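The numbers here are math on the coordinates, done by the rules we state, and not lab data. Since we're looking at a predicted model, the values are computed, not measured. Backbone-built Cβ (ideal geometry, glycine too); neighbour counts: all protein chains shown.
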Amino acid sequence: MRLDKFLGSQTDLSRKEARAVIKDGLVRVDGVVVTDPGAGVDPLQRVSVAGTELAFKEHLYLMLNKPEGYISATEDRSRPTVLDLVPPELFRDGLFPAGRLDADTTGFVLLTDDGGFAHDILSPKHHVQKTYVATLADPVTEELLAAVAEGIELKDGNRCLPAEVRALSEHTVELKLVEGKYHQVKRMFAAAGNRVVALTRTAMGDVLLDPDLGPGACRELTEEEVSRLKEAGKLAK
Ligand code: URA
């Protein structure tokens, strides 16, 4: 890989900034200063910027606690996106949200630059279970829980797969979905004659949203969490 591209993927430097620090003689490859941004580098080589060695990571996996008002996309004309919440030290080229939450939905968004991984956890065939907590306008009833558990028919005639669901309080339910239809949770409860007034995603697979992450905060997933999600993606195939 070109050295400037490598720095763009492994640091918060843009490609332009990477070229500048390389030309300024601040980058060493295996201890030797390299000033050509197009020089080839491979992941087994030691690369340092201004004396700090980079720990090569092929891919990055971040857990974000999305607040309301952010769009699950890499760019938007008028509204802030989930990428705007990633601090510079965790940012790299190619990050995107693996799955979408509505602008008014909060909670766990996984950001990565690993397209294969995103496909494995999201594609309809492999879909990893997602857990949501929904607050409903009207009280939860036994009929409502039974309808969701059986697989509710949406207003457009589409049938949802059976979902694990339980009441947490008079107006809140937890539910686990293994598919990701557009606005699915809101449409499920609308079809059952109720209305979602707040929605948050609390887990992907068996990886729970870290309670230490306040709204808008993010952290890298641990290797163990990434493995658990990869495993869940495989099992769900
Ligand atoms: N279902 C919804 O209706 N909205 C979301 O953001 C996620 C699931």
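The table below gives the values:
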{"quantity": "For segment 186-237 versus segment 10-69, the gap between their alpha-carbon centres in whole angstrom", "calculated": "31"}
{"quantity": "Gain on full stretching of the segment that runs from E53 to D102 - 0.36 nm per residue minus C-alpha separation", "calculated": "13.7 nm"}
{"quantity": "Three-way shape call for segment 3-53 based on the alpha-carbon gyration tensor, with the a/c threshold at 1.5", "calculated": "rounded"}
{"quantity": "Residues of type aspartates and glutamates that K176 reaches as a straight line, Cα spacing below 15 Å, ignoring anything fewer than 8 places off in the same chain", "calculated": "E150, E164, D206"}
{"quantity": "Extension reserve of the R159-D84 stretch, reckoned as 0.36 nm per residue once the Cα distance is removed", "calculated": "23.4 nm"}
{"quantity": "Inter-site label distance for F91 and T35 at 7 Å from Cα along Cβ, in nm", "calculated": "2.9"}
{"quantity": "Footprinting exposure proxy for T222, T52 (fewest neighbouring C-beta atoms within 10 Å first)", "calculated": "T52, T222"}
{"quantity": "GNM top mover of A217, A50, A18 - the chain, alpha-carbon springs below 10 Å", "calculated": "A50"}
{"quantity": "The chain - percent relative contact order, Cα under 8 Å, separation 6 or more", "calculated": "20"}
{"quantity": "Theoretical FRET efficiency, 1/(1+(r/R0)^6), r = Cβ-Cβ of Y182 and T74, R0 22 Å, to 0.05", "calculated": "0.70"}
{"quantity": "Shape call, segment 130-204: gyration tensor on alpha carbons, a/c limit 1.5", "calculated": "rounded"}
{"quantity": "Stokes-Einstein D (µm²/s) once Rh is taken as the Kirkwood radius of the chain over alpha-carbon pairs, at 4 °C in 1.567 mPa s", "calculated": "66"}
{"quantity": "Formal net charge of residues neighbouring L213 (Cβ-Cβ distance under 11 Å; K, R +1; D, E -1)", "calculated": "0"}
{"quantity": "Helix-only CD estimate at 222 nm, as mean residue ellipticity for the chain, using -39500 (n - 2.57) per DSSP H run (n ≥ 4)", "calculated": "-6500 deg cm²/dmol"}
{"quantity": "Residue of G31, G69, G151 that the Gaussian network model of the chain assigns the largest fluctuation, springs spanning Cα pairs under 10 Å", "calculated": "G31"}
